[in-house]
1. Tell me yes or no: at least one residue of region 30-43 is over 30 Å from residue 93 (Cα atoms), among the β-branched types (Val, Ile, Thr), under 33 Å from the mean Cα position of the chain (by Cα) and exposed (fewer than 11 other Cβ atoms within 10 Å of the Cβ).
2. Considering only region 70-89, state which residues are in a helix (DSSP H, G or I) and without any contact (Cβ under 8 Å) to a residue 24 or more places away in the chain.
3. Quick one: residue 92 ticks every box in (1) more than 30 Å from residue 29 (Cβ to Cβ); (2) surrounded by 10 or more Cβ atoms within 10 Å (Cβ to Cβ); (3) at pLDDT 80 or above except a single one, so which number is it?
4. Quick check on my filter: what residues within region 42-69 are outside any helix (DSSP H, G or I) and among the polar types (S, T, N, Q)?
5. Mind listing whichever residues of region 44-63 are surrounded by 12 or more Cβ atoms within 10 Å (Cβ to Cβ) and either touching a strand residue (DSSP E or B) at 6+ places or on another chain (Cβ under 9 Å) or at pLDDT 90 or above (or both)?
6. Checking the conditions here, which among 112, 120 is in contact (Cβ under 8 Å) with a residue 60 or more places away in the chain, in a helix (DSSP H, G or I) and within 30 Å of residue 10 (Cα to Cα)?
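The values are calculated or read from the model by the stated rules, or taken from the named source; none is laboratory data. Please read all numbers here as calculations on a predicted model, not as lab measurements. Note that we place each Cβ from the backbone using ideal geometry, even for glycine, and neighbour counts take in every protein chain shown.
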Amino acid sequence: MSSSTPFIGPISYLLIGHCVTITFLSLPSFPLRRQIVEKIARGQNKILNRIRFVYIILHVFILLLFVDNLKRMSYLKEQVGKAYTDNRTDNATLSDFSKRLHKSQRDFYILIFTLFCAIITYLLHLLVLKMENYRIKYLELKEMYNVMEKKCLALSDEVGDLKTNRIGSQMTTETLPEYSEVDKNNLTKRNNTSKKDE
């Protein structure tokens, strides 16, 4: 049985790439990030389709390596336990089993963190796309609100103009009431008596 998981070196570089991608996707929103994520996620290019397919197959392969590594770890733990209980085991064999167990544990952590970072990258990618959809809806609602506000202001101006025109027309069209002869006489008498009292 080999001492370490195959292709662990490239998988370590993939883990570093995942960490960089997570950092990139976690940064505050800027247009370049959105354009890159949309291009990768929704682009209908043959090269992008192949890259997405290879990416999925690669992580399925890493998952299989992870399962194989778990089996190897359990086997090596049994061997180390037997080596410690057996008095005939020499130090070279014991140190060899311990080294293999430590390498297997190291590979376990690299593989599990790679899969974990792949899941986080996928979720962040979905979050960026949802944020873009929400941003588009927000801009549409804002534009609709601005249009409605302009219409509302125009209508209020029209209503104000109608009110002022109606009041002005009422003032101009209303005629003053005419007094009868009796009312005129009473009014002149009242004015004359008020002057005499003064």
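1. no
2. 71, 74, 78, 79, 80, 81, 82, 83, 84, 85
3. (2)
4. Residues satisfying the conditions are 44, 45.
5. 55, 58, 59, 61, 62, 63
6. When all the criteria are applied, what remains is 120.
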